[in-house]
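> Here it is: the structure, laid out below.
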Amino acid sequence: MIAWTMTREELEQDVQAYRKARLARLTGVRGWLTLIGKVWLGQGRHTVGADPGSDIVLPAGRAPAKLATLTVADGTVRLDVEGNADVFARGERVDTLELRSDARQAPDDVTFGTLSFQLLERGEAFALRIRDSESVARKSFPGIPTYAIDPTWRIVARLEPFGTAKEMAIEDGDGRLQTYLCPGVAHFQKDSQRASLLPLYEHRDERLFVLFRDLTSRDETYGAGRFLYAPPPEEGRVLLDFNKAFNPPCAFTPHAVCPLPPSENMLPLRIEAGEKRPLASE
């Protein structure tokens, strides 16, 4: 059940708990701050290691000069470990493995010391995502400035539904298209200003995913826009709590690729709620 109304105290507790959990995810050993690389893989063999001549170069001191090779062929990616490196996946040490991508069930998480690798699959293309739990970004993270919690930014919008959810192609930072379903147009009013936006289903009917930009994107919040999750529509209404608006992963690392807000979600007002532009790491 959606709590359409909250007291100020309830809202403070709700948003503070959300922000605490959000910060824990971001700064965790699997958070976006650990991301140190993403490399698109062409067909053929790719060397991986700390040797500067490697196709995929790992941080010095974190891996041997030659750690492994990746071979892309016939729609698969095979990992072959070099020498006696202690590389782990699926709960055991591995020497060779056909990697399961994030498009499959139980995708592989390959680890070596503080490093880990995940295979991404986008259409017919593959990329290797590289993480380091001891990354500089994670160890020196200065936190995220936020606006004060404001009950007036917890807004109940009216949903004007489409007859059938509309498929929308949303461009990401790599210029690729990501497909989502949109149930309709959410209309709301803040003070004397009216606005509308298109919420999307991130996963079928589970929750709504809102990508938006507003006038604060020019000076106080992340320029490419912010994200917001919302419960699924109920009785023609959508709950938009902008106090929980957050920066996309690409605000924290150049190695993340994020979907960009559609033009319909460029809001002509200042949404002074949620997260502000991230601070620079020292």
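The values are calculated or read from the model by the stated rules, or taken from the named source; none is laboratory data. Note that this is a predicted model, so its numbers are computed, not measured. Methodologically, a virtual Cβ is constructed for each residue, glycine included, from the backbone with ideal geometry; neighbour enumeration extends over all protein chains shown.
> Looking at the range 8-31, can you tell me whether even one residue there is in contact with a His (Cβ under 9 Å, 6 or more places away or on another chain) and hydrophobic (A, V, I, L, M, F, W, C)?
No, every residue in the range 8-31 fails to be in contact with a His (Cβ under 9 Å, 6 or more places away or on another chain) and hydrophobic (A, V, I, L, M, F, W, C).
> Going residue by residue through the range 149-163, is there one that turns out to be modelled with pLDDT under 95 and at positive phi?
For the range 149-163, residues modelled with pLDDT under 95 and at positive phi: absent.
> Conditions first: (1) modelled with pLDDT under 95; (2) of a type outside the set (A, V, I, L, M, F, W, C); (3) on the phi > 0 side of the Ramachandran plot; (4) over 20 Å from the mean Cα position of the chain (by Cα). Asp205 passes all but one, so which condition is the exception?
(4)
> Within the range 135-166, can you find the residues that are surrounded by 14 or more Cβ atoms within 10 Å (Cβ to Cβ) and either among the polar types (S, T, N, Q) or assigned to a loop (DSSP other than H, G, I, E, B) (or both)?
The answer is Ser135, Phe141, Ile144, Thr146, Tyr147, Ile149, Asp150.
> Tell me which residues, restricted to the range 222-238, are in a strand (DSSP E or B) and surrounded by 18 or more Cβ atoms within 10 Å (Cβ to Cβ).
Arg226, Phe227, Leu228, Ala230, Val238
> When the range 32-83 is examined, which residues are found to be of a type in the set (D, E, K, R), in contact with a strand residue (DSSP E or B) (Cβ under 8 Å, 6 or more places away or on another chain) and under 26 Å from Arg104 (Cβ atoms)?
Lys38, Arg45, Asp55, Arg78, Asp80, Glu82
One line per residue, one yes/no per condition, for (1) farther than 30 Å from Gly143 by Cβ; (2) over 25 Å from the mean Cα position of the chain (by Cα); (3) surrounded by fewer than 16 Cβ atoms within 10 Å (Cβ to Cβ):
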| position | (1), (2), (3) |
| --- | --- |
| Arg19 | no, no, no |
| Leu26 | no, no, no |
| Gly31 | no, no, no |
| Ile56 | yes, no, no |
| Lys66 | yes, yes, no |
| Leu79 | yes, yes, no |
| Gly91 | yes, yes, yes |
| Leu97 | yes, yes, no |
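> Further question: With the requirement that a residue be part of a strand (DSSP E or B) and out of contact with any helix residue (DSSP H, G or I) (no Cβ under 8 Å at 6 or more places or on another chain), what does the range 119-134 give you?
Leu119, Leu120, Glu121, Arg122, Ala125, Phe126, Ala127, Leu128, Arg129, Ile130
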